[in-house]
Amino acid sequence: MNMRTPLGKVRGLGSAKDGTEHFWHQRLTAVANVPLVLIGLYLVVSLTGAPYSEVYQTLSSPLAAIFLFLFSFSVLSHMRLGMQVVIEDYVHGEFTKVLLVMFNTFFVMFTGALILYAIFKLSFGG
């Protein structure tokens, strides 16, 4: 038995088939953010008041570079997914909605590129 309305059948409206995947990606990044944020807070607190050379040496280590990359990727992914949900739920104009989702994605990509550049610059000197 088909539960779709005749108008829905004509328009081809229905499930986009990616809501569950989006849900799980958001939950996965939320769980990953817990230890990453705790480690990040520990790192920031431990470096508070330290001389520049010590901060530079700590953040330029390979372990710190890997941590900073994972932290940035997880937080930016989670932010993009969360903002996409907010935009899709609360923006009603279709053109505006599409435009804002695009800007959201571009903002995350640009921010990620800046962070990646900073991590490479710290890790490889410059």
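Miscellaneous remarks
- Each Cα pair under 8 Å and six or more residues apart adds its sequence gap; the mean of these over the residue count of region 62-126 is a relative contact order of 50 percent.
- Estimated distance in nm for a label pair at E88 and V101, the labels positioned 7 Å out from Cα along Cα-to-Cβ: 0.6 nm
- Here the contact order of the chain, divided by its residue count and restricted to Cα pairs under 8 Å and six or more residues apart, works out to 31 percent.
- Fewest-first ordering of F67, F106 by other beta carbons within 10 Å of each residue's beta carbon gives F106, F67.
- Burial order of peptide ranges 116-123, 34-41 (average beta-carbon count within 10 Å, highest first): 116-123, 34-41
- With coordinates expressed along the principal axes, the C-alpha atoms belonging to the chain extend over 69, 27, 22 Å, beginning with the largest.
- Fraction of the pair-distance distribution of region 62-126 above 13 Å, Cα-Cα pairs, percent: 66 percent
Laboratory data are not the source of any read-out in this text; all were calculated from the coordinates shown. Note that the structure is predicted; figures quoted are calculated from it, not measured. A quick note on method: Cβ atoms are made from the backbone with ideal geometry, for glycine too, and the neighbour counts reach across all protein chains shown.
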